[in-house]
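Take a look at the structure set out below.
The values are calculated or read from the model by the stated rules, or taken from the named source; none is laboratory data. This one's a predicted model, so the numbers in the text were calculated from it and none came from an experiment. Note: ideal-geometry Cβ built from the backbone for every residue, glycine included; neighbour counts use all protein chains shown.
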Amino acid sequence: MNNFAKIIEIERGNMKFSYVENDEINYLDLFDQFLAEEGHHELLDPSDRIERYTYLIDHGQSKFIFKIDGGVEHRLERRLIAKLTGDFYFNLIHKLAKIALDKCDIAYELYLVAFDKVTKRHYMIFNFIEGRSLKWEEMKTYGEQIKDCIEKLHSYNLVSNDVHGGNFILTPEGKIKAIDLTNSGFIWLTKANDAIELRERFGIKIKVPVMAMAIKKFTHGFKRLSRKIRGKED
């Protein structure tokens, strides 16, 4: 059973780990087992980004998602923000653990994060959520659940920052859960991205800081004007 109150942090060679304690499953052993068998698991949703892979792992009666992210951020401003706010995934495991401890069933669970200091690869082990992604037209149908989900995520300083059906799972029980979350950068400002996308795409209104909305509305308007001047369509 997962003990989200106890997250173990260790270093082993060039690897740094943070993982949830579990009486039945040793996530560090599961990580080692996957690496030994890499290439023999089902590859899910291949990304067009270099060095980003997502695999499905069958482990006894349980299924897990194993994700590899080897992307290196080259933009100076993003690297500076990361220095100020800390590692994206190592922050994420703590925030998702808080959600799990509060029994707030709105997102996936993250059990292990690893970082290879040499290759700069991140590795993650998530729970597998039974269900399917929402279709674009279903976003309005489940609008109240999506609104509740995003507002609760914001209360834990997590955001989607890319609101569309593929980033929400509809479980067989009819619950909506968010996946592919963001927790880095200036979260108070990024929350406004969620609000703008929800309103403009799906007519869903949520509350975010007024100043953040004002800044984002200005930047969104400036980008649209710039694209129009350059003869590009939205």
Residues within segment 165-175 that are surrounded by 15 or more Cβ atoms within 10 Å (Cβ to Cβ) and either assigned to a helix (DSSP H, G or I) or out of contact with any strand residue (DSSP E or B) (no Cβ under 7 Å at 6 or more places or on another chain) (or both), tallied:
3
If you check residue 208 against the conditions, is it buried (at least 18 other Cβ atoms within 10 Å of the Cβ), over 20 Å from residue 142 (Cβ atoms) and of a type in the set (Val, Ile, Thr)?
yes
Residue that is over 17 Å from the mean Cα position of the chain (by Cα) and in the same structural domain as residue 68 (by TED's automatic domain parsing), where the choices are 116, 105:
116
Looking for whichever is of a type in the set (Lys, Arg), modelled with pLDDT of 95 or more, over 13 Å from the mean Cα position of the chain (by Cα) and outside the structural domain of residue 67 (by TED's automatic domain parsing) here; the options are 152, 135, 98, 140. Which one fits?
152
Please determine, by comparing only the residues of segment 1-19 that are of a type outside the set (S, T, N, Q) and in contact with a Ser or Thr (Cβ under 9 Å, 6 or more places away or on another chain), which one is surrounded by the most Cβ atoms within 10 Å (Cβ to Cβ).
7
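For every residue, the table says whether it meets (1) touching an Asp or Glu at 6+ places or on another chain (Cβ under 9 Å); (2) free of Cβ contacts under 8 Å to residues at least 24 places away in the same chain.
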{"residue": "87", "(1), (2)": "no, no"}
{"residue": "92", "(1), (2)": "no, no"}
{"residue": "95", "(1), (2)": "no, no"}
{"residue": "102", "(1), (2)": "no, yes"}
{"residue": "106", "(1), (2)": "yes, no"}
{"residue": "124", "(1), (2)": "yes, no"}
{"residue": "131", "(1), (2)": "yes, no"}
{"residue": "136", "(1), (2)": "no, no"}
{"residue": "142", "(1), (2)": "no, no"}
Filter segment 101-149 down to residues that are under 19 Å from residue 205 (Cα atoms) and among the β-branched types (Val, Ile, Thr), then give me how many there are.
3
